[in-house]
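Accompanying notes for the structure given below.
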Amino acid sequence: MKIKSIDSIVRRAVKALEPYSTARDEYQGEIGIFLDANESPFNNGYNRYPDPHQRELKARISELKGVSAENIFLGNGSDEAIDLVFRVFCEPRIDNVVAIAPSYGMYKVAAAMNDVELREVQLGDDFSLPTDALLAATDENTKAIFLCSPNNPTGNSFPRAEMLRLIEEFEGIVVVDEAYIDFAEVESLKVEIAEHKNLVVLQTLSKAWAMAGLRVGLALADKRIVELMSQMKYPYNINIATQQIALQLLSYPIDEDLAEIKSQRQEIAEAMAAMSFVEHIYPSDANFLLVKVKDADALYNHLIQDKIIVRNRNRVKGCEGCLRISIGLHNENLKLIESLKRYEE
Ligand SMILES: *Cc1c(COP(=O)(O)O)cnc(C)c1O
């Protein structure tokens, strides 16, 4: 990292912020008579405010990820962490961020919501990482670069060395969104957060861990970044039900599910490769396949007729002619393939 310190690029208002101190911050014992938070005393399991620091859940995630709890921020989905990167570092209408394209739509939405310019840099041929173009798109007001690896919707992971070069050469925050890392053969960049204080690795319980409905996203980063994001979040951003259920579901291993998704991904790719209307199946490190077909809109509509819903990416620059297909259960995937065969006839 080329910047002197994280604090040198934080928004002025954030540095000056006195975070809201919750009743539970001031007294941390577990037992006692709690008359400090104007809660109802009638116990229905949810009458108390949740732990604003999510200590138990963080301890478990720390164990699972091999990342110390002080380097973990938990958000109401990764979407909250993405929004907080803007709110902590980007001065509205002055600062800007750079992001790869095509990629996850939330970077653009969060930028717009925060009135921050987002500069998109198109991926290269075969969706390669345009490292030099990304650096060239930055200026003295660029506070963050957003990468997504494995990338949504292209499915590919970027070379580690290239991402590290960006992290080392850029004078701001580099966010690497690893929502799909558990489906990939490549290693997470999380081990680099100790060395690279400007790196924010995003992960989520929404995909591999099958908890999209609970809303838990992770930002793994230097302690100071975690501190700043925690100061800016709403105090009770992860509710009691979510903290408890996530903790419980994290005790079931997902290895078999991941192996199944990966083998199904391979099966669908092989079946589709033989179909005449399929022009290209992009290699995928994620739980979806991006497939280029002769007439994406026609195929999308055919699948809808069969009540099979995929994501039409035909109008996304760089993904013309493409559908993004999530990997489902074995019997769902069989129905998909049957429907595709009927379309071919
Ligand atoms: C699905 C997805 C997420 C997950 O977002 P949550 O808010 O954690 O559900 C994050 N990033 C990308 C690129 C995704 O595709």
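What follows is calculated from the coordinates using simple rules that are stated; it is not laboratory data. None of these values were measured; they are calculated from a predicted model. Neighbour counts are summed over all protein chains in view; Cβ atoms, including those assigned to glycine, are modelled from backbone coordinates with ideal geometry.
Quote the FRET efficiency, to the nearest 0.05, computed for Ile309 versus Asp255 with a Förster distance R0 of 30 Å and r equal to the Cβ-Cβ distance.
0.60
Sorted by packing (mean other beta-carbon atoms within 10 Å per residue), highest first, where do 50-56, 220-226, 13-19 land?
Output ranking for 50-56, 220-226, 13-19: 220-226, 50-56, 13-19.
Please compute the net charge surrounding Glu168, taking Lys and Arg as +1 and Asp and Glu as -1 over other residues with Cβ under 13 Å from its Cβ.
After counting each charged neighbour, the total is -1.
Counting other Cβ atoms within 10 Å of each Cβ, which trypsin sites (Lys or Arg not before Pro) in the range 74-110 have at most 13 and sit in a DSSP loop?
Taking the range 74-110 and a limit of 13 other Cβ atoms within 10 Å, the loop trypsin sites (Lys or Arg not before Pro) found are Arg93.
Taking Cβ-Cβ under 4.7 Å as the only way to count a partner, pick out the unpartnered cysteines of the chain.
Cys90, Cys148
Rounded to the nearest 500 deg cm²/dmol, what is the calculated helix-only ellipticity per residue at 222 nm for the chain, with -39500 (n - 2.57) per DSSP H run of length n ≥ 4?
Calculated from helices alone, the mean residue ellipticity at 222 nm is -10000 deg cm²/dmol.
Ranked highest first by average number of other Cβ atoms within 10 Å, how do 122-130, 78-86 line up?
78-86, 122-130
Just order 199-206, 233-240, 297-304 by mean Cβ neighbour count inside 10 Å, highest at the front, would you?
Put in order of decreasing packing, that is 199-206, 233-240, 297-304.
Most fluctuating residue of Leu147, Leu214, Leu35 in a GNM of the chain with Cα springs under 10 Å: which is it?
Leu35
Given Cα pairs under 8 Å that are at least 6 residues apart, what percent is the relative contact order of the chain?
18
Length gain on complete extension for the stretch Asp125 to Lys65, per 0.36 nm per residue less the alpha carbon to alpha carbon distance?
So the extension gain works out to 18.3 nm.
Hey, could you pull the Cα Rg and Dmax for the chain, both in Å?
Values for the chain (Cα only, Rg and Dmax): 21.8, 72 Å.
With the crude spin-label approximation of a point 7 Å out along Cα→Cβ, what separation in nm comes out for Ile245 versus Glu168?
4.5
By the scheme Lys and Arg +1, Asp and Glu -1, what is the net charge of all other residues having a beta-carbon under 10 Å from that of Ala13?
+3
In nm, to one decimal, how far is the modelled label at Asn38 from the one at Asp7, with both set 7 Å along Cα→Cβ?
3.4
So between Met113 and Glu345, what do we pick up on full extension, going 0.36 nm a residue minus the alpha carbon distance?
Extra length from Met113 to Glu345 when fully extended: 78.9 nm.
Could you tally the net charge around Glu120, taking each other residue with its Cβ under 13 Å from the Cβ of Glu120, Lys/Arg +1 and Asp/Glu -1?
Overall, the nearby charge balance is +2.
Which stretch or stretches of the range 77-120 have amide N atoms under 18 Å from the point lying 7 Å from Tyr234's Cα along the Cα→Cβ direction?
77-88, 110, 113-114
Suppose the chain between Glu30 and Glu227 were pulled fully straight at 0.36 nm per residue; how much longer would it get relative to their current alpha carbon spacing?
Working it through step by step, the gained length comes to 68.6 nm.
Once the Cβ-Cβ distance between Tyr20 and Glu320 is put in as r, and R0 is 51 Å, what FRET efficiency do you end up with, to the nearest 0.05?
Calculated transfer efficiency: 0.60.
Roughly what would the spin-label model give for Ala210 and Val186, points 7 Å off Cα along C-beta, in nm?
Output for this residue pair reads 2.7 nm.
How large is the charge dipole for the chain, taken about the Cα centre, if only the Cβ atoms of Lys, Arg (+1) and Asp, Glu (-1) carry charge, to the nearest 20 debye?
For this selection, approximately 560 debye.
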